[in-house]
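Visitor: Sending over a structure as structure tokens; questions will come in a sec.
The values are calculated or read from the model by the stated rules, or taken from the named source; none is laboratory data. Every value quoted in this text rests on a predicted model; they were computed, and no experiment measured them. Neighbour counts are summed over all protein chains in view; Cβ atoms, including those assigned to glycine, are modelled from backbone coordinates with ideal geometry.
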Amino acid sequence: MARIFWFRRDRRLQDNLALNSCAEAAIADGDKTVIPVFWLNGAEFESLSGLRQHSLTESLKALDESMESCLEIVDSPDMSGLAEFAKSAKVDFIHATESFDPEGIAEQRALVSKLKGSGIELVLEDSYYAVKPGTVAKPTDGSAYRVYTPFYKAWFQIGWQAPAKLSKGFMFKARSGKSKIPKPTKQASFKVKAGEAFALETFRKFQSRAIVDYSENRNRPDLSGTSHLSHALAHGEIHPRTLLAPLSDLDGHTVFRKEIAWREFYADVLYRNPHTLDDYYEPRFKAMRYDTGAKAKAKLERWQTGTTGFPMVDAGMRQLLATGWMHNRVRMIVASFLVKDLHLEWQLGAKWFEQNLTDFDPASNSHGWQWTAGCGTDASPYYRVFNPILQGYKFDPEGSYVRKFIPELTHIPGPEVHEPWLLVDGLQAGYPEPMLDHSTERDESLARLEEIKIK
């Protein structure tokens, strides 16, 4: 009898332990057949931005091509569609990689509920991480780590197995004629590339191009100093084990390993504190005075559209809209600006990122925002306010990044682009003046911090 493998955020064939388990069980059954399935909520797909739609579609296309067009797409508003598909396929088992974020856990529970009484079992194995969330704990009392550095040391000591190759001796069942990969209903500004083969090639290029200097160049948005693998990790087109396996003790390798560990740390925090997906890890910050109403909405719109008058902030926001991605250093700059200059709650920014990032990851998004906002675990202290002008001079020293995404400033050479209002012709192409005085808003932000300290 065939078995179903439910692809989720693990859209690859290699180093997929849950898929191997399914394949080996199918071989042991004697049938040797695996039915590959992806569940899709069509209404949620429709709500995605154009780039996110194209990103998912291209990821699914690549997965489908890697198994010679066998991927079944089950389009339904809830898990009843997947349950009914399994019943009609007359299988006894659905295998999948276990999810540890709130939405993924809810899907698993919903499917088990829909399968009740059918005799079909959901088999969950492995995770999207090198070390399963909830595994790393203090040896003294088994509690979770709230600080990254000791988490990293314990995580590294636990370790992970070597990447696993796809099992042999089984076959994927051919797709039914009714199943179709979803077509985007919105435009994308460029052709999106995705899939396991592209992810592996991207990693190979990163190893030869930038990993040696990663510790120095990862913070420079004007350079190609990052791995460009966040999309592949978010979609599961490559597993962290594959990235970790060849790393040595060189500085660049060590820092890259630590960046992967940040992703795993946030996944662990969210698993243990599921409310922090959209609520404060440090609850006292909920009492802080944030701006609301029409003026706050107008400020948010200027931030979203990259028209704040602060080049480094606006370049990042325009990069997001144009590419579906933003450099990590710039993510921190724009997040600090939203929370500490505009005095808006971090959830507004996190939601905008969710809508537009093709590499959206629930744990990294929520806790990356809370780190900058000062209300998360091991957070940057609230009083550490990013100066968007100085950040530009430091991390985009020649202004190349700003000019790439802000055409109104291309006439300004060199670092002067970070303060165009100081030049006679700086704003001649229509770029706006700064919408606020950073020093004033920084003082206001710290004053609001004092208010909740008093309470």
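Visitor: When the stretch 68-88 is examined, which residues are found to be at pLDDT below 95 and crowded, with 18+ Cβ neighbours inside 10 Å?
Guide: Once the filter is applied, which keeps residues that are at pLDDT below 95 and crowded, with 18+ Cβ neighbours inside 10 Å, the stretch 68-88 yields nothing.
Visitor: Another question about this same structure. Pull out all pairs, ordered by first then second residue, where Cβ-Cβ is under 8 Å, the residues are six or more apart or on different chains, the first lies in the stretch 182-206 and is on the phi > 0 side of the Ramachandran plot, and the second is modelled with pLDDT of 95 or more and not small (Gly, Ala, Ser).
Guide: Gly195/Arg11; Gly195/Glu58; Gly195/Lys61; Gly195/Leu63; Gly195/Glu65; Gly195/Glu237
Visitor: Which residue out of Glu216, Glu264, Glu237 is under 17 Å from the mean Cα position of the chain (by Cα) and part of a helix (DSSP H, G or I)? Break it down stepwise before answering.
Guide: Working: Glu216 fails: under 17 Å from the mean Cα position of the chain (by Cα); Glu237 fails: part of a helix (DSSP H, G or I).
On inspection, the qualifying residue turns out to be Glu264.
Visitor: I've got another one for you. Can you confirm whether Asp378 is of a type in the set (Asp, Glu) and farther than 23 Å from Arg220 by Cβ? Don't jump to the end; show me each part of the working.
Guide: Values: of a type in the set (Asp, Glu): yes; farther than 23 Å from Arg220 by Cβ: yes.
In short, yes.
Visitor: Turning to a different aspect of this structure: Taking Arg257 as the residue in question, decide whether it is farther than 30 Å from Gln14 by Cβ, at pLDDT 95 or above and outside the structural domain of Glu408 (by TED's automatic domain parsing). Step through it out loud before you land on a result.
Guide: Working: farther than 30 Å from Gln14 by Cβ: no; at pLDDT 95 or above: yes; outside the structural domain of Glu408 (by TED's automatic domain parsing): yes.
No; evaluated as a whole, the condition is false for this residue.
Visitor: Residue pairs, Cβ under 6 Å, 6 or more apart or interchain, first in the stretch 280-307 and surrounded by 12 or more Cβ atoms within 10 Å (Cβ to Cβ), second β-branched (Val, Ile, Thr) and not in a helix (DSSP H, G or I). List them.
Guide: Sorted first by the residue in the stretch 280-307, then by its partner, the pairs are Tyr281/Thr377; Arg302/Thr308.
Visitor: Among the residues in the stretch 202-220, are any charged (D, E, K, R), modelled with pLDDT of 95 or more and farther than 25 Å from Arg318 by Cα?
Guide: Yes, the conditions are met somewhere in the stretch 202-220.
Visitor: Give the stretch 429-450 a look and list any residue that's part of a helix (DSSP H, G or I) and over 15 Å from Cys375 (Cα atoms), or say none.
Guide: Looking only at the stretch 429-450, we keep the residues that are part of a helix (DSSP H, G or I), and these are 438-450.
His438, Ser439, Thr440, Glu441, Arg442, Asp443, Glu444, Ala447 - these are the residues of the stretch 429-450 that are part of a helix (DSSP H, G or I) and over 15 Å from Cys375 (Cα atoms).
Visitor: Any residue in the stretch 144-152 that is under 16 Å from Leu244 (Cβ atoms) and either of a type outside the set (A, V, I, L, M, F, W, C) or out of contact with any Asp or Glu (no Cβ under 9 Å at 6 or more places or on another chain) (or both)?
Guide: The answer is yes; a qualifying residue exists.
Visitor: For the stretch 383-428, which positions are touching a residue at least 60 places away in the same chain (Cβ under 8 Å), within 30 Å of Lys453 (Cα to Cα) and in a loop (DSSP other than H, G, I, E, B)?
Guide: Listed by number, the residues that qualify are Tyr383, Val385.
Visitor: Condition test on Ala335, is it small (Gly, Ala, Ser), over 20 Å from Leu56 (Cβ atoms) and in contact with a Ser or Thr (Cβ under 8 Å, 6 or more places away or on another chain)?
Guide: Details: small (Gly, Ala, Ser): yes; over 20 Å from Leu56 (Cβ atoms): yes; in contact with a Ser or Thr (Cβ under 8 Å, 6 or more places away or on another chain): yes.
Judged against the criteria, Ala335 is a match.
Visitor: Return the residue satisfying two criteria in turn: it lies in the stretch 191-213 and is surrounded by fewer than 18 Cβ atoms within 10 Å (Cβ to Cβ) and not in a helix (DSSP H, G or I), and of such residues it is nearest to the chain's Cα centre (by Cα).
Guide: It comes out as Lys193.
Visitor: May I ask you to list the residues in the stretch 141-190 that are in contact with a strand residue (DSSP E or B) (Cβ under 9 Å, 6 or more places away or on another chain), assigned to a loop (DSSP other than H, G, I, E, B) and hydrophobic (A, V, I, L, M, F, W, C)?
Guide: Phe170, Ile181
Visitor: Same structure, new question: If you take the residues in the stretch 308-348 that are under 17 Å from Asp396 (Cα atoms) and of a type in the set (Gly, Ala, Ser), which one is surrounded by the fewest Cβ atoms within 10 Å (Cβ to Cβ)?
Guide: Taking the candidates together, the pick is Gly309.
Visitor: Let me confirm something: among His239, His231, which residue is outside the structural domain of Asp31 (by TED's automatic domain parsing), in contact (Cβ under 8 Å) with a residue 40 or more places away in the chain and either among the charged types (D, E, K, R) or out of contact with any Ser or Thr (no Cβ under 7 Å at 6 or more places or on another chain) (or both)? Step through it out loud before you land on a result.
Guide: Numbers: His231 fails: either among the charged types (D, E, K, R) or out of contact with any Ser or Thr (no Cβ under 7 Å at 6 or more places or on another chain) (or both).
Criteria check complete, one pass: His239.
Visitor: Another question about this same structure. Could you list all residues from the stretch 348-382 that are closer than 10 Å to Ala335 by Cβ and not small (Gly, Ala, Ser)?
Guide: Within the stretch 348-382, Phe353, Trp369, Gln370, Trp371, Thr372 qualify.
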